[in-house]
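Right, one structure below, let's go through it.
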Amino acid sequence: MLRSPNNIYFLLCVIFLSSCGFADLRQIRISIEPERNDSVLPEPYSPVILKFSAEMLKNETEGILQISSDLGAVNGDKFWKGNDLYFVPVQGWTAGIRYTLSLAGTIHSEDGREMRIERFISFYAVNKNDPPLLEWHSPGNNASVGTNNILFEFHFSRSMDRLSVETALVLDGIGNKTFEWHSGDKILKVNPEKNLSPWSSYKWSIRDTAKSADGVPLPKTYSGNFITDLEQIPPKVKSIFPVINADGVWYPTGAFIENGLRSGQGIAVEFNKPMGENVLRSLRLEPSISGRTEFLTEESVVFILTKDPEPGMTYTLIISGDARDSEGIKTGADYKINFTPDIPLLEIYSITAGGNDFDIRCLAGNTIPVRVDPATGQINLSLYFSLLFDSEEMKNTPQKITLSPFFPGTLAPIALQYVNWTSGDRLLMRWEGLAAGNDYPHYYRLTIPGGKSGISSGPGIYMKENNIFYLEAVR
């Protein structure tokens with residue numbers, strides 16, 4: 001039977017396909033999420049998805065998937081669900097950032113079909129709002145500022161996420177600080193807890209990790225610098241003078257410090273400008289006398305001594321070169337001044353005994369002949385001092401002065417019979433029981449104690465040392 005040409009062609013095709021296997025000539029289809037430019041993924045970890053109509057060679061297909069932004073390539077996890085390839089960013093998408101999905105290259109399905117692809121899709125995540133900008137800041141770049149009560153201000157174009165900004169803000173050389181937000185979180189004010197160092201350069205920056213309230217980061221890192229050199233004049237000592245306290249207020253005495261400081265007075269130090277707190281720890285005396293320092297005004301302090309200086313001794317007042325003004329600028333060098341206090345020593349001008357006056361300043365030796373009443377054994381002693389005694393010391397002084405038998409050891413005890421201050425600087429004392437010598441002289445020792453524990457005419461005024469005289473009792 002004769003076969004037709006069509007039947008013969010069909011038979012040849014069957015034989016060919018039977019010998020070579022089946023060839024799938026269907027095109028591989030792909031759909032992408034996001035599918036359109038400028039799409040917005042809803043969440044920070046929303047996946048980018050490539051959906052294929054066939055099972056693909058996984059490693060090859062993953063290799064052509066690239067996502068980047070102006071910040072660089074995006075690292076992400078890639079995994080498959082069936083024929084769908086998922087990409088999830090490791091650190092999440094950043095709001096307002098424009099990302100670009102790039103697919104370029106040749107890929108193959110598991111059954112051998114080939115697909116040449118070149119696709120580029122731009123998208124956003126969370127939102128595609130404009131980035132915030134730093135519109136103004138203080139101090140300005142290269143500004144000269146002081147060191148006290150400095151306030152940093154940063155004004156943004158949009159409301160900001162507080163924590164991200166505070167974390168991104170770097171203030172070199174500045175430790176603890178407090179943050180204040182204003183105007184709906186558009187203005188940040190920063191207060192350092194401590195004053196800045198004078199004549200120093202400071203830098204600041206806000207990294208581009210700072211974000212707006214809706215999560216959009218700064219487009220760049222902002223930075224600036226300033227110098228704390230607004231104050232150019234260093235502090236220095238202007239004057240030093242004695243002051244006296246009246247009703248809790250210190251008043252200048254009008255005397256010079258070199259020789260005018262008296263008992264109970266303080267030392268005022270005046271500077272040319274307001275001083276910082278550390279000036280209160282910058283004053284000392286040599287030889288040392290403890291005391292405390294208080295502010296009189298912003299420019300002056302008073303050194304209050306715990307005790308009076310020693311009469312007749314020369315002291316050095318030292319103001320440390322580390323004393324700083326309110327801006328933190330040092331004086332730079334120790335300031336020293338010598339002074340001798342105007343605190344007189346108490347002296348005995350003369351002794352009147354038995355009707356005779358003896359000038360102590362002209363007395364040769366320390367033996368004084370005194371006439372004793374042979375009937376009563378009494379002797380009147382009048383002591384003439386260099387200073388007037390106050391009422392309290394008038395009571396104490398007679399109790400400290402003694403007259404006692406000295407030689408020979410067989411002399412009988414004597415007693416104080418009468419005491420009277422004839423004036424503020426003259427003390428009359430009457431003793432009884434003295435006896436004049438016959439074959440050998442009789443001596444009695446008069447002791448007028450000096451030093452801080454001895455007699456005193458008033459607070460801080462005393463004799464330098466003990467005064468001892470030997471009275472020879474004669475007829």
Semi-axes in Å, largest first, for segment 67-155 (Cα gyration tensor, √(5λ)) are 48, 13, 11
Mind grabbing the accessible area of Val419 for me, 1.4 Å probe, Å², rounded to tens?
-> 60
Expressed in nm to one decimal, what extension gain is obtained for the pair Ile227 and Ser159 from 0.36 nm per residue of sequence separation less their Cα-Cα distance?
-> 21.5 nm
Per-peptide average of other Cβ atoms within 10 Å, ordering 397-410, 227-240 highest first | 227-240, 397-410
Expressed per residue, the solvent accessible area of the chain in Å² (1.4 Å probe) is about 55
Could you grab the relative contact order for the chain? Cα pairs under 8 Å, six or more apart, rounded to a whole percent.
-> 8
In the P(r) worked out for the chain, what percent of Cα pairs fall beyond 45 Å?
-> 58
By average C-beta atoms within 10 angstrom, highest first, the peptides 349-361, 39-51 | 39-51, 349-361
Interchain or sequence-distant (5+) residues whose placed amide H lies within less than 5 Å of the amide H of Ala54 are Arg29
Just reorder Trp431, Trp136, Trp421 by solvent-accessible area, largest first, 1.4 Å probe, all chains present.
-> Trp136, Trp421, Trp431
Sorting Phe79, Phe154 on solvent-accessible surface, 1.4 Å probe, most exposed first, gives Phe79, Phe154
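Can you show me the helix-derived [θ] at 222 nm for the chain, built from DSSP H runs with n ≥ 4 at -39,500 (n - 2.57) apiece and divided by the number of residues, rounded to the nearest 500.
Value at 222 nm, helices only, nearest 500: -2500 deg cm²/dmol.
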So what are the ³J(HN,Hα) numbers for segment 155-172, from phi and the Karplus equation (6.51, -1.76, 1.60; θ = phi - 60°), rounded to whole Hz, Gly and Pro as x?
-> 10, 9, 7, 9, 4, 10, 7, 4, 4, 5, 6, 4, 6, 7, 7, 10, 10, 4
Residues whose modelled amide H sits under 5 Å from the amide H of Gln417, counting only those 5 or more places away in sequence or on another chain, are Arg430, Trp431, Glu432
Determine the sum of side-chain charges near Gly458: Lys and Arg each +1, Asp and Glu each -1, restricted to other residues whose C-beta is under 9 angstrom from that of Gly458.
-> -3
Return the sequence-ordered ³J(HN,Hα) values of segment 263-272 in whole Hz as given by the Karplus equation 6.51 cos²θ - 1.76 cosθ + 1.60 applied to θ = phi - 60°, using x for Gly and Pro.
-> 4, x, 9, x, 10, 9, 10, 10, 10, 7
Using only protein heavy atoms and a 1.4 Å probe, report how much of Arg324 is accessible, in Å² to the nearest 10.
-> 90
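Per the 1.4 Å probe, what fraction of the accessible area of the chain, in percent, lies on carbon and sulfur atoms?
That share works out to 49 percent.
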Separation of segment 23-78 and segment 280-345 by C-alpha centroid, Å?
-> 80
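The values are calculated or read from the model by the stated rules, or taken from the named source; none is laboratory data. Quick caveat, the model's predicted, so the values are computed rather than measured. With ideal geometry, Cβ positions are generated from the backbone for all residues, glycine too; neighbour counts draw on all protein chains shown. Note: accessible area is taken over every heavy atom of the protein model, side chains too, but ligands, DNA and RNA are not part of it. Shrake-Rupley method; radii C 1.70, N 1.55, O 1.52, S 1.80 Å.
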